[in-house]
Structures are given as structure tokens and as C-alpha cells.
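This report refers to the structure that appears directly beneath it.
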Amino acid sequence: MMRLQKFSLVLLLFITAQTLALHAQTTPGNYRAGFRQEGNTVYFSCENADVRLEFCTESVLRVRTSWTRSFEENEPWMVVKYQWPEVALSKQENLDRFELKTSRLTVLVHKNPFAIDIYSSDGELLASESQPGTGGGLKNGTAVSCRKQLGADEHFFGFGERMDFIDQRSKKVHLNVGRGTGRPHLIGAYNVLKANYCPVPFFMSTRGYGIFFHNAFATEWDMGQTDPDGYSFQAENGELDYYFMYGPTFPDILNHYTDITGKAPLMPLFALGLHVGTYSGGTWGHEELTSTDYVVNLLRKFRKLGIPIDILHLDSTWRIFGEKGGKGATTFEWRETFKNPKAMFDSLYAMHINLAGVHIRPRFDNGNRLRLLDQAQALGYTYPEANNPGEFVNFFDQKAVDWWWDKGVMQAAGIGVRFVKTDEGSAFGHEANESNKTGPTGLEAQRLHNIFPIAYAKAPYEKFMKFNGIRGMNHTREGYAGIQRYPFIFAGDWPSEWQYFAPVIKAGLNIGLSGVGNWTHCMGGFEHDADPELYIRWCQFGLLSPVSHLFGMDHPGYKEPWNYGDTALVLFKKYAEFRYRLIPYLYSHAFEMYQTGMPLMRALVLEYQYDENVYAIDDQYLLGSQMMVCPVTVKGAQTREVYLPEGTWFDYYTGQKYAGNQYVQVLSPLDEIPILVKGGAIIPKQEVVQYIGEHPADLITLEIFPDGGSTFTIYDDDGKSLDYQKGTYAQTAIACAQSGNTLNLAISKPEGKYTVAERRYQLVIHTARAPASIKSNGMAISSGTSAASISAKPGWFYDETRNVLYVNPGGSSKTGIAVQIVF
């Protein structure tokens with residue numbers, strides 16, 4: 001009898017739990033009524049929820065489900081475009097479903113139960129919710145989620161600055177700004193599986209669509225790990241609100257995503273030069289060694305050694321650490337070891353640094369002289385915490401931002417600072433790196449946690465843009481959807497160890513796949529003294545990254561290139577000069593990114609999404625459209641394997657030609673990072689300068705690897721103003737066509753509203769054949785005895801040992817140039 005009673009009790013508890021679970025997990029249920037269209041939006045009312053489908057374009061659909069039947073107001077941090085032109089939409093109601101069609105999409109909305117299936121206009125199924133009990137989304141307590149069927153051949157890319165994998169199929173992904181915590185650091189702060197400095201709730205599927213989950217709360221993405229037949233995404237709270245974007249190509253999808261969340265603006269041209277950070281001679285524990293002299297002498301040494309540099313920032317030891325927050329807060333009060341910081345900045349600018357900045361953190365603190373924390377709290381300009389007025393600047397309040405600028409930042413900007421490095425944006429509502437400080441808590445803080453880094457970066461970006469009178473530039477560590485509008489972001493604090501080098505490369509690939517193209521990292525690693533070989537290999541990668549940033553915390557090396565041996569110094573200078581030569585190439589692609597969202601650093605899957613061989617490649621990337629860079633991440637490696645996608649490829653250094661769709665073994669001596677270029681590549685280069693603006697780029701070298709027909713467009717503007725956004729720029733079209741024994745090259749006059757200063761052109765053509773004759777604008781030009789012999793007059797020289805043809809076509813950008821080469 002007792003056993004029967006126990007069994008009955010257990011059965012009752014089980015049934016009760018199941019009943020509660022069913023009530024807790026709620027789908028929209030069956031369609032009830034209310035089908036109507038207003039503008040681009042179609043409305044549905046179901047048993048348990050209301051659903052809105054907004055057709056933003058023919059290819060982009062916004063899906064919103066509300067179980068309260070009221071929808072949240074549009075927020076300004078992640079999404080910048082809510083108003084869309086009218087979309088031609090046809091609709092039809094059938095007995096069991098609605099059919100909604102644009103020129104690109106067919107959306108089937110099933111009635112009982114409510115579910116959404118999306119097809120391309122040619123009938124290919126893209127995404128389905130047809131599994132019973134999941135259609136239209138799911139509400140489970142406060143959490144909202146969506147499940148869709150997983151295609152057998154479907155793979156997923158994006159999710160922000162991930163350091164774990166490129167392809168996230170069969171993985172679980174947690175997105176919430178922050179990083180690992182706890183000691184030892186190796187499985188705490190240095191745990192690459194926990195790295196979340198810049199999560200982005202967005203992915204692209206190889207089936208030709210992308211999804212952006214428009215929700216600021218922490219999210220979980222199960223991309224087929226739990227259920228091999230389906231994937232799901234869930235937010236801890238908030239509204240089920242997502243954008244479905246049809247490409248079908250990844251570049252198309254990125255363009256849609258950045259239309260919604262904002263395109264990356266152009267930074268000043270000089271931001272493509274070398275950035276250097278410094279602890280001013282004294283990192284933490286050595287603050288007494290900091291000085292203005294150290295900073296001035298640092299720049300002086302770069303100039304003396306002939307290493308180009310454009311931007312310098314002083315990290316945290318420029319300021320005194322305050323009474324309450326210590327290293328984790330900002331007093332804006334100069335450390336007493338900096339005797340005359342204004343004179344220091346004057347000296348830096350006299351040596352032609354283009355921009356100097358300082359490191360800050362988002363919490364106010366009291367110093368010896370400035371009592372900014374007390375004052376801000378009294379004025380209500382800090383974000384409230386439990387039982388106290390808080391320490392974080394309320395960057396969501398414009399009055400607080402204005403006060404922070406006037407009373408805090410101007411302590412530095414008033415004497416020469418022209419930008420800031422906004423560090424530790426993750427600490428709002430999350431454990432800070434340098435203390436047990438957590439900051440604001442509660443539901444609203446959880447909602448704001450992920451978008452705090454955006455507000456934090458936006459404030460100085462916009463303030464300094466107005467103050468400096470030129471384009472904005474901000475150096476930040478954390479981000480979320482939309483952070484690309486306030487460039488640039490860096491990968492965080494990863495030690496100078498081989499085990500972290502490759503994951504940092506993955507971070508750059510993944511963030512580029514997530515709409516954030518202006519990205520960098522600490523060359524050579526941040527903490528710990530670097531092995532000289534690792535330093536060289538990491539700097540080779542860093543100098544061919546979207547932004548090149550040299551900075552380290554190790555005392556006394558600080559990642560300064562002369563501190564890691566003579567070889568490191570020689571090779572650092574070599575690749576720094578190579579980067580500066582590539583400025584026209586890089587800047588042209590930066591403009592492409594502003595127009596389309598395509599990053600400078602491109603995972604191979606971005607351009608070859610139908611080639612399964614590239615899905616797991618995480619140590620090769622396209623730098624722009626023409627060059628493939630292959631970092632060496634293995635100590636002592638003299639060769640490395642490289643995968644070549646379809647097409648023709650050339651070894652950049654030797655000109656050796658390869659067919660695509662194969663793996664090859666290439667040499668990788670310490671002084672070379674393997675680079676391959678596409679057949680037909682046209683790479684514009686300029687002369688080396690010590691800083692951008694040292695002299696006009698009046699000679700452009702076009703390095704060409706002929707293969708059929710190819711084109712490139714050089715972009716020019718004033719490099720500083722926002723006039724490019726009004727159409728004031730110029731573009732120079734270059735076309736190369738190889739047919740039989742003839743190669744024709746056409747360089748057009750610059751076209752556009754911007755007047756390009758007159759410049760000459762030089763051709764460097766990789767070819768295994770010496771020419772029989774060359775004409776420029778119809779006139780024969782003669783051969784010379786060396787490349788130097790034709791530098792001042794039209795002519796050509798063929799170097800048989802290197803298989804390189806040098807051509808001075810004469811003329812200039814004032815007229816078009818047509819070159820015909822007959823072999």
C-alpha cells in the first residue's frame with residue numbers, strides 16, 4: 001500500500017511538472033484572425049501571440065512575435081534603419097496558409113499551427129519551421145526562442161569575434177559581451193572558448209541566407225548540437241525579433257546586414273598607417289618609471305630608424321589610479337611623472353604623428369585634484385547601482401556624455417589628445433577584469449550590457465570628430481551588433497604565446513564575417529615576453545591586418561621591435577614599409593567596405609561559399625579582393641600547406657603559377673609570410689613614406705599578374721573630411737586583358753567630384769615571357785638596361801632572373817593611358 005501511495009505521488013508530481021512545462025513553453029498557437037497589410041508589414045493574430053512580418057526589401061524580412069500583443073519601441077543602438085521604401089508584395093489566403101511573395105522571396109505562413117517557411121523566388125526552400133510545436137517561436141518563462149530545420153549540407157558563419165571555430169555547425173554558441181573569469185588565467189581570462197569581446201547575434205548560412213537576432217539580452221545558439229535536424233536561437237528575455245536576409249551570396253547578405261545595422265565609415269587615411277601603444281616606460285607595478293621623455297623618445301626612435309608610424313596612444317599609466325576603482329576606473333588626472341604633457345604632445349605633433357591618444361575606462365574615479373566621481377554622482381550622471389549612485393558614466397544619457405567630455409576628456413584633449421582607447425566596455429553589468437566590480441545589476445542592466453560598448457564607443461567617436469574637425473576614429477575593445485559604425489575594434493589582451501596566435505587569426509576572420517571590418521590585435525601578443533620568432537610571425541600578420549597595432553605590456557620590451565633582436569627589427573621594418581606601399585590598395589577596399597560591408601580581411605568562405613574545402617580554413621585569408629595571406633603559426637616551420645580555391649593563383653614573391661582547387665606546399669622562411677595572389681590581380685602601390693601626408697603619392701606602381709581579363713578601381717578623396725559621404729571622391733578604372741601573345745592595359749583618367757593631384761604610373765608585370773614590343777598610347781617605347789634606367793622616361797626593362805617586366809608608360813593621370821605589350 002505504501003509503495004502504491006509513493007508511486008501515485010511520484011506520478012502526480014511528474015504530471016504536474018509536465019503540465020507546468022507545457023504552460024511555461026508557449027508557441028503562438030493557431031492562427032486566429034487579424035490578417036491585414038499596412039505598408040510593408042503584414043499582421044497576424046494567433047491564439048497566444050501576435051506576429052508581424054515586415055518586408056524591408058524584396059530580400060529582407062523582419063519577423064516579430066509578441067506574447068503580450070504589444071511590441072517594443074525601435075531602439076537606436078543596434079539598428080539604424082527602420083524606414084524602408086515600399087516593397088511590391090503579393091498576398092493570397094488559402095484554406096491552410098497564406099502566401100506572401102516579393103520578387104526574391106516566397107513566404108508561406110501556415111495557419112494551424114502557425115509556422116513560417118521561406119523559399120527563394122525560384123522555389124528553393126531556405127528555412128522551415130514546419131516541425132510541430134515550434135512554429136512562430138517559443139516563449140519559455142522570460143526566454144524567447146526560434147527553431148528552424150537544419151539542412152543536411154548547411155553550415156554557419158559569423159557570430160562575432162569568435163576564437164574557437166569558423167564553421168559553427170553542430171556547435172553551441174553563447175553570446176554575451178565579456179571574457180572568461182577566474183584564475184589561473186590560462187582557463188580563465190585566457191580561455192579562448194569563453195572569449196566574447198565582440199559577439200554579434202548574426203550568422204550566414206551556406207544555403208544562401210542570414211539571420212540577425214535583434215535582441216540585446218544574452219543569447220544561446222544551438223546550431224545542431226542537441227538536435228541534428230534543427231537549429232535554434234534563444235534570448236534570456238526581450239522580444240523575439242529577427243531579420244531574415246536572402247543573398248544568396250555571402251557578400252549580398254553582409255550588404256543587407258550592414259544596411260540594417262550601419263555601414264563602417266571611412267577612417268582618416270592615416271589610420272591605415274602604423275598604430276603604436278605605449279605604457280610610457282612603466283607598466284603596472286612600474287608606474288614610477290613613466291615619463292613624457294619616454295614617449296617622445298619612443299617616437300624619435302621610430303623616426304630615426306626609418307620605421308613608418310602615424311598614430312600613438314598612451315595606455316593606462318598616463319593617469320593616476322583613483323581612490324575607489326584603481327586601474328579599473330578613470331580619474332582623468334595626469335600622473336605626476338608626466339612633467340609637462342602638453343609639451344610632450346607638441347613634440348609628438350612636431351615629429352608628424354598624425355594622431356595621439358590615451359587609454360580610458362568607463363567608470364569615473366576621484367583623484368588627488370579632480371573629484372569627478374563625487375561630482376558626477378551628485379549630478380546624476382553615473383548609472384545607478386544597487387544601493388548607491390554608481391560609478392559608470394551613463395553613456396545612454398546625452399547630458400552625462402556632455403559632462404564626461406567637458407569635465408573629464410577635455411583634461412586630456414585640451415592639451416593635445418585627439419582620440420581615446422575605450423577599454424573594458426564589458427564591465428557594465430559583468431565582472432570587471434581588474435577587480436570584483438560588477439556594476440549595475442538587474443533586468444535593465446542585463447538588457448543594456450551588450451549595447452553599453454556601443455554607447456561607450458559612440459560618445460568619443462562623435463565628440464572627437466567634431467573637436468578635431470576630421471573623420472572620427474575610436475580604438476575600442478568590446479562591441480556588439482552595430483559597433484562597425486565607430487571604428488575600430490581590437491581583439492583584446494592575449495598573451496605572447498604560440499597557442500594564442502592562431503585563435504587571434506580566427507577572431508579576425510569571424511568578426512569580418514559578422515560585418516565588422518576595421519579590426520586589429522596586439523602584434524606579438526599583449527602580455528608576457530615574446531619569443532623572437534613568434535614576434536616576427538605575429539607582426540607579419542599584424543602588418544597585413546585591416547588595422548596595424550603594435551602594443552604590449554611586457555616590461556621592459558613593450559613589443560618595441562628593437563627589443564627582440566636584429567632580425568626582428570629588420571623584418572618589422574620590411575613589412576611596415578610593405579604595408580605603407582599598399583595604402584592605395586587598402587584604402588580602395590576600405591571604400592568598398594563603406595559601400596557594401598565587405599571587410600578588408602576576408603575568410604575564404606566569404607568569396608567561395610560553395611567550396612566545402614574552405615569551411616574549416618582558419619589560418620588563410622584574403623586581404624582585399626586580390627591577395628591571399630597565409631600566416632605561419634607553427635614554431636620553426638619552413639613550409640606550410642595552403643589551399644587554393646578555384647581559379648589561377650600566383651606566388652607573390654616568385655610569380656610561380658598554380659591552378660586552383662588544390663592544396664599546395666609553399667616555402668615559408670622566417671623573412672616571408674606566404675602570400676598568393678589571384679590570376680589577373682592588379683595591386684596599386686605607392687612609395688614608402690614615414691607618415692601619411694609626408695609627400696603626395698605622385699607615383700603609383702601597378703603590380704600585375706596577368707591572367708585573362710581583370711579590373712581594379714583606385715579610390716581617392718581628401719583622406720580626412722566627410723565629403724566622400726556627399727559624393728566628393730574620384731575613382732580610377734584600370735583594366736587588363738590578356739589574349740594570345742598580346743596584353744592590353746588601360747588606365748583611365750580619375751572620374752568624380754574630387755580632383756586628384758597629378759600622378760605618374762609605373763607597371764610591374766609578372767610574366768615568364770620577354771616582350772617583343774611595347775606601345776604606350778600608340779607610340780613605341782624602347783627597352784632600357786635596368787629598371788632604374790627607365791624611371792625618368794618612357795621605356796621598359798625585362799628582368800629574366802625574376803620574370804618581371806618593368807614599364808614606364810609615360811604620361812600621367814591627366815590623360816588616359818593605353819599600353820599594348822606583344823610577346
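The values are calculated or read from the model by the stated rules, or taken from the named source; none is laboratory data. These figures come from a predicted structure and were not determined experimentally. Glycine gets a Cβ as well: all are built from the backbone with ideal geometry, and neighbour counts include every protein chain shown. Just the protein is used for accessible areas: all its heavy atoms, side chains included, with ligands, DNA and RNA removed. Shrake-Rupley method; radii C 1.70, N 1.55, O 1.52, S 1.80 Å.
Numbers below:
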| quantity | calculated |
| --- | --- |
| Qualifying strands (runs of 3 or more DSSP E) (wholly inside the range 616-695; at least 2 residues being surrounded by 20 or more Cβ atoms within 10 Å (Cβ to Cβ)) | 621-623, 627-629, 639-644, 648-651, 675-678, 682-685 |
| Residue pairs meeting the criteria (Cβ under 7 Å; at least 6 apart or on separate chains; first open to solvent by less than 10 Å² (accessible area, probe 1.4 Å), in the range 275-296; second charged (D, E, K, R) and modelled with pLDDT of 95 or more) | G277/D315; T278/D315; Y279/D315; G282/E288; T290/R335 |
| Residue that is farthest from S170 (Cα to Cα) [pool: residues in the range 579-615 that are open to solvent by 20 Å² or more (accessible area, probe 1.4 Å) and part of a helix (DSSP H, G or I)] | R581 |
| Residue count, the range 197-212 (criterion: open to solvent by less than 10 Å² (accessible area, probe 1.4 Å) and farther than 17 Å from I511 by Cβ) | 4 |
| Failed item in (1) within 19 Å of G277 (Cα to Cα); (2) of a type outside the set (S, T, Y); (3) open to solvent by 20 Å² or more (accessible area, probe 1.4 Å); (4) part of a loop (DSSP other than H, G, I, E, B), with R369 passing the rest | (1) |
| Filter result (open to solvent by less than 10 Å² (accessible area, probe 1.4 Å) and within 31 Å of the chain's Cα centre (by Cα)) within the range 372-390 | T382 |
| Which numbered condition K726 misses (of (1) basic (K, R); (2) closer than 30 Å to G273 by Cβ; (3) touching a residue at least 40 places away in the same chain (Cβ under 8 Å)) | (3) |
| Test result for V516, buried (at least 24 other Cβ atoms within 10 Å of the Cβ) and either of a type in the set (F, W, Y) or not in a loop (DSSP other than H, G, I, E, B) (or both) | no |
| Residue identified as part of a loop (DSSP other than H, G, I, E, B) and either aliphatic (A, V, I, L, M) or touching a Lys or Arg at 6+ places or on another chain (Cβ under 7 Å) (or both) among V409, V417 | V417 |
| Any hit, the range 423-439, residues being over 30 Å from R537 (Cα atoms), open to solvent by 10 Å² or more (accessible area, probe 1.4 Å), of a type in the set (V, I, T) and modelled with pLDDT under 95 | yes |
| Residue within the range 803-817 that is buried (at least 19 other Cβ atoms within 10 Å of the Cβ), out of contact with any Phe, Trp or Tyr (no Cβ under 7 Å at 6 or more places or on another chain) and either small (G, A, S) or under 30 Å from D723 (Cα atoms) (or both) present | yes |
| Those strands (runs of 3 or more DSSP E) lying entirely in the range 102-156 with at least 2 residues charged (D, E, K, R) and at pLDDT 95 or above | 143-149 |
| In the range 111-132, the residues that are open to solvent by less than 50 Å² (accessible area, probe 1.4 Å) and touching a residue at least 60 places away in the same chain (Cβ under 8 Å) | K111, F114, I116, I118, S120, L126, A127 |
| Any pair with Cβ under 7 angstrom, 6 or more apart, that starts in the range 738-758 at a residue that is modelled with pLDDT of 95 or more and ends at one that is surrounded by fewer than 17 Cβ atoms within 10 Å (Cβ to Cβ) and among the hydroxyl-bearing types (S, T, Y) | K749/T815; K753/T728; Y754/T728; E758/S812 |
| The range 323-340 residues that are aromatic (F, W, Y), paired with ones that are open to solvent by 70 Å² or more (accessible area, probe 1.4 Å) (beta carbon under 9 Å, 6 or more apart) | F332/K407 |
| Subset of the range 152-174 [without any contact (Cβ under 8 Å) to a residue 60 or more places away in the chain and open to solvent by less than 10 Å² (accessible area, probe 1.4 Å)] | E154, Q168, V173 |
| Members of the range 325-343 that are outside any loop (DSSP other than H, G, I, E, B) and under 16 Å from D365 (Cβ atoms) | G326, K327, G328, T330, W334 |
| Out of T65, T57, sole residue that is of a type outside the set (D, E, K, R) and either surrounded by fewer than 21 Cβ atoms within 10 Å (Cβ to Cβ) or assigned to a loop (DSSP other than H, G, I, E, B) (or both) | T57 |
| Residue in the range 242-254 that is assigned to a loop (DSSP other than H, G, I, E, B), charged (D, E, K, R), at pLDDT 95 or above and open to solvent by 10 Å² or more (accessible area, probe 1.4 Å) present | no |
| Among the candidates Q762, Q731, residue that is more than 17 Å from I704 (Cα to Cα) and either surrounded by fewer than 15 Cβ atoms within 10 Å (Cβ to Cβ) or at pLDDT 95 or above (or both) | Q731 |
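One line per residue, one yes/no per condition, for (1) within 30 Å of the chain's Cα centre (by Cα); (2) modelled with pLDDT of 95 or more; (3) small (G, A, S):
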position	(1), (2), (3)
L269	yes, yes, no
G273	yes, yes, yes
G277	yes, yes, yes
S280	yes, yes, yes
E287	no, yes, no
T292	no, yes, no
K304	no, yes, no
I307	yes, yes, no
